[in-house]
1. For region 69-88, enumerate the residues that are closer than 15 Å to L162 by Cβ and either without any contact (Cβ under 8 Å) to a residue 60 or more places away in the chain or among the hydrophobic types (A, V, I, L, M, F, W, C) (or both).
2. Within region 1-38, count every residue that is under 17 Å from L152 (Cα atoms) and of a type in the set (A, V, I, L, M, F, W, C).
3. Would you check which residues across region 144-159 are in contact (Cβ under 8 Å) with a residue 24 or more places away in the chain, in a helix (DSSP H, G or I) and either small (G, A, S) or crowded, with 19+ Cβ neighbours inside 10 Å (or both) and list them?
4. What number of residues within region 1-54 satisfy the criterion of being assigned to a loop (DSSP other than H, G, I, E, B), surrounded by 13 or more Cβ atoms within 10 Å (Cβ to Cβ) and hydrophobic (A, V, I, L, M, F, W, C)?
5. Considering each residue of region 102-123, count those that are modelled with pLDDT under 95 and out of contact with any Ser or Thr (no Cβ under 8 Å at 6 or more places or on another chain), and give that number.
6. Please name all residue pairs, on different chains or six or more residues apart, with Cβ atoms under 7 Å, provided the first residue is in region 103-124 and is free of Cβ contacts under 8 Å to residues at least 24 places away in the same chain and among the aromatic types (F, W, Y) and the second residue is assigned to a helix (DSSP H, G or I) and surrounded by 23 or more Cβ atoms within 10 Å (Cβ to Cβ).
Amino acid sequence: MPAADDIAKIIEQERVLVFSVFDEAAAFDLGMALRQRALRDALPINIDIRLWDRPLFYAAMPGSRASNQDWARRKINAVRHFLKPSYRLFLEQGGKDQVIAAHHGLPATDYIFAGGAFPIRVHAAGVIGAVAVSGLPSRDDHDTVVAALCELLGSDSAALALGPA
């Protein structure tokens, strides 16, 4: 699927995957949905859910590595700065390099354009945090987060899924 089609689908995901309320209970539900998916499918991922002022959920699944935590942090930082999913940022940068472009003036040690972090958007409040998964290829990390958000929000995951790579 061309990058432009993926970007359009991600923008649709952003429009649809919006919470009416997001609090500690919603973060736990989302985290557990991701954890159950990881256990079911043997995904070696880290899960990190946070509001801008504090972390709300974290889990490291079997097979994940210590570096996954840092990748999740850097993805979340990119979402916070640009208010877009990290995979969209990667695709908009040309889909070739995960290192943030120098013209953004942000250090690569703290920001990365790699799939897997998605903004937590609340009606009438905007983006208040992010959910990140790290441990799979970028597109798979992104798809894992979107599928869990669809499940939690009651959205049609098939309709919102990215097409074949």
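1. Selection gives S86 alone.
2. 15
3. Here is the first cut: in region 144-159, the residues in contact (Cβ under 8 Å) with a residue 24 or more places away in the chain are 144-153, 155.
Checking which are in a helix (DSSP H, G or I) leaves us with 144-153.
Correct list: T144, V145, V146, A147, A148, L149, C150.
4. Summing the residues that are assigned to a loop (DSSP other than H, G, I, E, B), surrounded by 13 or more Cβ atoms within 10 Å (Cβ to Cβ) and hydrophobic (A, V, I, L, M, F, W, C) in region 1-54 gives 5.
5. 10
6. none
The values are calculated or read from the model by the stated rules, or taken from the named source; none is laboratory data. Being a predicted model, the structure only gives us computed values, none of them experimental. FYI the Cβ positions are ideal-geometry reconstructions off the backbone, even for glycines, and counts take in every protein chain you see.
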